[in-house]
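Quick notes on the structure that follows.
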Amino acid sequence: MRARSHIQQMAQTRHEYRGSSDLPTSTSSSHFFLVNHPDTGGSWTLNTCIYMAILPLLLLVLGVFPVNEATAQKPNILLFLADDLGIGDVGCYGNDTIRTPNIDRLAKEGVKLTHHISAASLCSPSRSAFMTGRYPIRTGMTGHHNGKVLLWNAASGGLPTNETTFAKILKEQGYSTGILVGKIWKFIHIPWKMIVICTLAGSLYFMYWFIAFGFMPYWNCILMRNFEIVEQPMDLDKKATQIVREAKAFINRNKDGPFLLFVSFLHIHTPHYTTKEFRGRSKHDLYGDNIEEMDWMLGQILDSIDQEGLINNTLTYFASDHGGYLEGMIGSLHLKGSNGIYRGGKGMGGMEGGIRVPGILRWPNVLPANAIIDKPTSLMDIFPTVVKLGGGMLPKDRIIDGKDMMPLLQGFVSISAHEFMFHYCEEYLHAVRWQQTRIETVWKVHYISPKFSPEGAGACYGSKFCTCSGEKVIYHVPPLLYNLSNDPSEKNPLSNDSELYREVLQTIQEAVVRHNATLHPVPQQLYGLNNLWDPRLQPCCGTFPFCWCNKETD
């Protein structure tokens, strides 16, 4: 069976951000340390300067409000999100060759989730779901074979303006939020006639840039503070220490809280850029070095929370946006992620290795220490969880797919609020999991899965990513059904001629029908013109097309 969404034709009009309510009320009460990456399309981001787009350092920083009766009991919220980190790459999840003492410490002091699921196996869709609590299929952020992620800073696509992020809701509850919206990327205004003339006159020059991708570090790799470009291109040699310094300074300024600090790491996306202090320290080349540097950064920021005496009033969360990238080897067998016992990886919508990620939460005296929860949870759950903790209300005019995790984390309930989870690859429904609470079993059905190359390799080494549809996938008729509780590696599908198979499949099929009834056509954000470079939207520090500056040192 092949299940598809109700998403129809891509929008023909250009989408821009005009959400002024997401902007800070004044620049003096908020602080930004931003590096743009096209994967988020209008979220707070740090761009990796890497070929093709993947979403990386994201520091959403929020300002100070006076402590009063309305805000005194609200916790600080510290969110860490790694990029492409596999669940098998972390010590507390079983890795014994890469050192992650600070992440491991976080797990010992809090709750470790072992059935934590990303809403998508690629960056842009996953992060849009994280920020909104909604499946990417509802927001038009699913992508397609020619545009799986948002590729350009100067593209008109991105998170739709009618979507609500948790930061916007927390701002309304006394958390001062700073957000970069798409409209402010219009740093240059050039008439179309002039663009055509310049393009024709400099065609050979630009052709060279396009062939060599030489323009990308200048046009697509930007560091911002508040609304000002301060580095173009970004100086990656200094980014790890800069991120740590900015985060510590923010925590110190806002220690009277409440605050929301979102640190989205550049690490560990290819090309695994690592500062010289950490190169050669691990047993896994730059891949391991990059993880160990990220762990150090996280530890430095956690130390700042401790030193300011904020640990007991701060909810800390660590996760990865999706599973590890298996096809990422460049000259070394070590330059790829590990997804532990789980099949598949990044870009494989329904494969467990692409969507099961590390998830750790710490809040002393509120959450238990050194606890493990093996019930289905989702990155989308952060949205309703922090909104409720911040005193906000969930939007009533849309479906929120995330669930408040606090009852499960605190042990007030023993089952997850997720009965069903739907796993898409682009707009195609590849798999569904069902938590059958009566017998405490999690089932998973696969409708579509990728054809690995070479066969049996567990990844698509003949290309950058596995395909989501067409001739390079397997349509399972009848669908494959696994008992994840007994077979997390999905090695032994149930026999399709058993009564149990028929009963479980029927229940899941009925859930798919109900789910499809909740989907409605929305503009496709990563299709066509929405995902092409638009010179009118190009952020530029300098005179276009010569966009470069370094105000941090100048």
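For this structure, a couple of remarks:
- Contacts under 8 angstrom Cβ, first residue in the stretch 498-522 being closer than 20 Å to TYR135 by Cβ, partner of a type in the set (Asp, Glu) and surrounded by 12 or more Cβ atoms within 10 Å (Cβ to Cβ), 6 or more apart: ALA511/GLU419
- Residues (at pLDDT 90 or above, of a type in the set (Phe, Trp, Tyr) and open to solvent by 10 Å² or more (accessible area, probe 1.4 Å)) located in the stretch 243-286: PHE278
- Any helices (runs of 4 or more DSSP H) falling wholly within the stretch 326-416 and containing at least 3 residues that are in contact (Cβ under 8 Å) with a residue 60 or more places away in the chain: 352-355, 382-389
- Within the stretch 300-321, one or more residues are in contact with a Cys (Cβ under 8 Å, 6 or more places away or on another chain) and open to solvent by less than 20 Å² (accessible area, probe 1.4 Å).
- Looking only at the stretch 486-509, residues that are of a type outside the set (A, V, I, L, M), crowded, with 16+ Cβ neighbours inside 10 Å and in a loop (DSSP other than H, G, I, E, B) come to 3 in all.
- Some residue of the stretch 426-434 being touching a strand residue (DSSP E or B) at 6+ places or on another chain (Cβ under 9 Å) and surrounded by fewer than 16 Cβ atoms within 10 Å (Cβ to Cβ): no
- Of the residues making up the stretch 445-480, those that are assigned to a strand (DSSP E or B) and among the β-branched types (Val, Ile, Thr) are VAL445, ILE448, VAL473, ILE474, VAL477.
- Only one of ALA459, ALA417 that is at pLDDT below 95 and either surrounded by 16 or more Cβ atoms within 10 Å (Cβ to Cβ) or aromatic (Phe, Trp, Tyr) (or both): ALA459
- Among residues of the stretch 427-445 that are under 14 Å from SER416 (Cβ atoms), those with a beta-carbon under 9 Å from a residue that is surrounded by fewer than 21 Cβ atoms within 10 Å (Cβ to Cβ) and acidic (Asp, Glu) at least six positions away or on a different chain give the pairs TRP434/GLU419; GLN435/GLU419; GLN436/GLU419; THR437/GLU419.
- Scope the stretch 348-385; condition out of contact with any Gly (no Cβ under 6 Å at 6 or more places or on another chain) and basic (Lys, Arg); matching residues: ARG356, LYS375
- Answer from ASP96, ASP84 - the residue that is modelled with pLDDT of 50 or more, at positive phi and out of contact with any helix residue (DSSP H, G or I) (no Cβ under 6 Å at 6 or more places or on another chain): ASP84
- Residue among PRO545, PRO488, PRO539 that is under 25 Å from the mean Cα position of the chain (by Cα) and under 22 Å from LEU150 (Cα atoms): PRO539
- Checked against the criterion of being under 27 Å from LEU505 (Cα atoms), modelled with pLDDT of 95 or more and surrounded by 22 or more Cβ atoms within 10 Å (Cβ to Cβ), the stretch 386-395 has no qualifying residue.
- Residues satisfying the stated conditions in the stretch 523-554, i.e. open to solvent by 20 Å² or more (accessible area, probe 1.4 Å), charged (D, E, K, R) and either touching a residue at least 24 places away in the same chain (Cβ under 8 Å) or within 14 Å of PRO136 (Cβ to Cβ) (or both): ARG536, LYS551, GLU552
- Among residues of the stretch 143-167 that are without any contact (Cβ under 8 Å) to a residue 24 or more places away in the chain, those with a Cβ under 9 angstrom from a residue that is among the charged types (D, E, K, R), sequence gap 6+ or separate chain, pair up as ASN162/ARG398.
- Selection of the stretch 95-133 for residues being of a type in the set (S, T, N, Q), farther than 15 Å from GLY340 by Cβ and in contact with a Ser or Thr (Cβ under 9 Å, 6 or more places away or on another chain) yields SER124, SER126, SER128, THR132.
- If you check ALA119, ALA107 for being in a loop (DSSP other than H, G, I, E, B), hydrophobic (A, V, I, L, M, F, W, C) and surrounded by 22 or more Cβ atoms within 10 Å (Cβ to Cβ), only one passes: ALA119.
- For the stretch 327-348, the criterion of a residue being surrounded by 24 or more Cβ atoms within 10 Å (Cβ to Cβ) and of a type in the set (Val, Ile, Thr) is satisfied by no position.
The values are calculated or read from the model by the stated rules, or taken from the named source; none is laboratory data. Everything quoted here is computed from the prediction, not taken from an experiment. Cβ: placed from backbone, ideal geometry, glycine included. Neighbour counts: every protein chain shown. Ligands, DNA and RNA are excluded from the accessible area calculation, which covers all protein heavy atoms including side chains. Shrake-Rupley method; radii C 1.70, N 1.55, O 1.52, S 1.80 Å.
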